[in-house]
Structures are given as structure tokens and as C-alpha cells.
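Novice: This is the structure, below, for whatever I ask next.
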Amino acid sequence: MSYATLMVHLEIDCSNDVRLQIACDLAEQFDAKLIGIAASNPQPSYYATGTFAHDLVQQLRAQVKQQMAETEERFHAAAHKRARELEWRSAMESPTSFVSREARAADLIIAGASRDGGLIDSLRRLDPSELVLRAGRPMLVVPPEAEYLRLSNIVVTWKDSREAKRAVVDALPLLHRAKDVTVVEVVEGADNRPAAQARVNDVAAWLGQHAITAVGRVINATDEMQELDTLFQQACDLIVAGAYGHTRFRELVFGGVTRNLLTRSRRCSLLSH
């Protein structure tokens, strides 16, 4: 199993160097086609009417068009001879809507993490929380603190949910390249530990059938996020997780693994819904 086509989303008004470097590295490793994609909806950030509004929109469109051309040029310069084939796609519309629609052309989407919480300007910024729900493809999330993507130590965060089952399948090409793979489930109370250990052992054994050596680990804790944060910071290169096993509203109110990975984690993560 491999990734034949990768899609990397690029912002048109800020640095994409690390995200692009990771995309190129993966394209080389998998001998994959690489699609660069960008979008922005050039609408005024305040209400305006008449000739003034028309002139303002035209000015914004010209600015966005120039920024997209510059971003495309940087994409081709960085990815030249790094991928089996290159393609560029762009549009003047909401980035999340455009990328989620174009995701049909890729096996894996590479996008940036969000540090804006619920204050994302959806006309100009991609919302990774929304994209992972709409794309129908796994998403590799690259936080701004990342410098590169190593695949030595991968942690699979397990819940017995369809999202987690989907994520571990989607991550198989990356898991094959890992030296150490740990399947982790966090439980509250010692009584729940035996059943959880059986679940992670099942997942580790299933990975073994795919020639991937993995171990199952159960953490007994009352604070799931605190324990996972500690684990992630120790020696983890990549986190694999099902996205929004709870509803997005519940995670927004109470917090959760998906929200943490999208807004706080300093590690790259592969998410599937």
C-alpha cells in the first residue's frame, strides 16, 4: 500500500517552507504525484456598496491573483524533480470548500495546523477542523513549530471507533516506514484496563499481518489529554488518530484529542474521519 498522489495546501500570504518540504520528502519516498493547491475569496472584510465596493473587490482580486502566482512559482521551484509529477490548482473561493472538493484527486492531504481557534477567516484561511470532516481523505497536519517529519516513532491513539479504525488503515504507508509503532489507549479505572489491553493488542497483531511491528500500551489516567500530551512530547515523531470520534461541538466545549492535535500539538499528526 502506498500514496500515489499527495495534495499540499499552501497559504498565499505566509511561509509554507516546512509544509512544502515535508510534502516533497513524502513525494520522493512514495514516488508520488504532488498537487499544490491554494484558494482565497477576495471579499472586503467590512460592508461596502456601490462603485467603492466594486473597485475594492477588483483591487483585492488583483492582489490575490498576484499572490497565487507567486505561491505557484515557489511550489514549482521547491518541488522540481522531487515528485513523479507536479500539478497546480487554485481558485478564488473559500479555501476549505475548494480543497475539500478537490480532495477527490489525492490519497493524502497535507495542511497546516490552526492556531486561530474558532476565529478563522473562512474566506482566506483553510479551516483544518472543517476540512477533515468534509474531505473524505486522511489529512497530515503540520504545525507551525515543525521543522521536518521523521517517521522513526509513531504513536497510534486508539479508541474503539470507526474513526480510529479508518485512521490506522490510512496511515499504513507511513507506519511501514517507522522503526517503533505504539498503539495507545487511555482508560479511567483499573477495571477497564484488561479490555483495553486486549483491544490494543488486537490492533498491534493486525498491524503485524501487514509486516509492521507494533506494541499495545494502556495508560490508566483520569486526564486523557494530559497523559497523551506527556507521551507525545517524549519521543513521538507522528501521531495517528481518528478525528472527531465525539461530535465537533462536544470537543469545542469540553476539549478532546482532535481539537488538541489541530490547535495545540507541536507534533505532526495524521487524522481521518
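The values are calculated or read from the model by the stated rules, or taken from the named source; none is laboratory data. What you are looking at is a predicted structure, and each value in this text was computed from that prediction instead of being measured. Glycine gets a Cβ as well: all are built from the backbone with ideal geometry, and neighbour counts include every protein chain shown. When the accessible area is computed, the model is the full protein with side chains, heavy atoms only, and any ligands, DNA or RNA have been set aside. Shrake-Rupley method; radii C 1.70, N 1.55, O 1.52, S 1.80 Å.
Novice: Local charge sum around residue 66 (other residues, Cβ-Cβ under 14 Å, Lys/Arg +1, Asp/Glu -1)?
Specialist: On the way: positive: 61, 65, 74; negative: 13, 70, 72, 73.
Local charge sum for residue 66: -1.
Novice: Take peptides 164-171, 35-42, 15-22, 67-74 and line them up by average Cβ neighbours within 10 Å, highest first, as a rough protection proxy. Working shown, then result.
Specialist: Numbers: 164-171: 21.1, 35-42: 23.9, 15-22: 18.1, 67-74: 15.9.
By packing density, highest mean first, the sequence is 35-42, 164-171, 15-22, 67-74.
Novice: How large is the accessible surface per residue of the range 80-197, computed with a 1.4 Å probe and reported in Å² as a whole number? Could the numbers behind the result be given before it?
Specialist: Numbers: 5410 Å² over 118 residues.
Heavy-atom SASA per residue in the range 80-197 reads 46 Å².
Novice: Under a no-solvent Debye model with one identical scatterer per Cα of the range 88-223, what's log10 I(q)/I(0) at q = 0.10, 0.11, 0.16, 0.17 Å⁻¹?
Specialist: At q = 0.10, 0.11, 0.16, 0.17 Å⁻¹ the computed log10 ratios are -0.43, -0.52, -0.96, -1.03.
Novice: So, one more: Determine how large the accessible area of residue 244 is when every protein chain is in place; take a 1.4 Å probe and give Å² rounded to the nearest 10.
Specialist: Near enough 20 Å² of accessible area.
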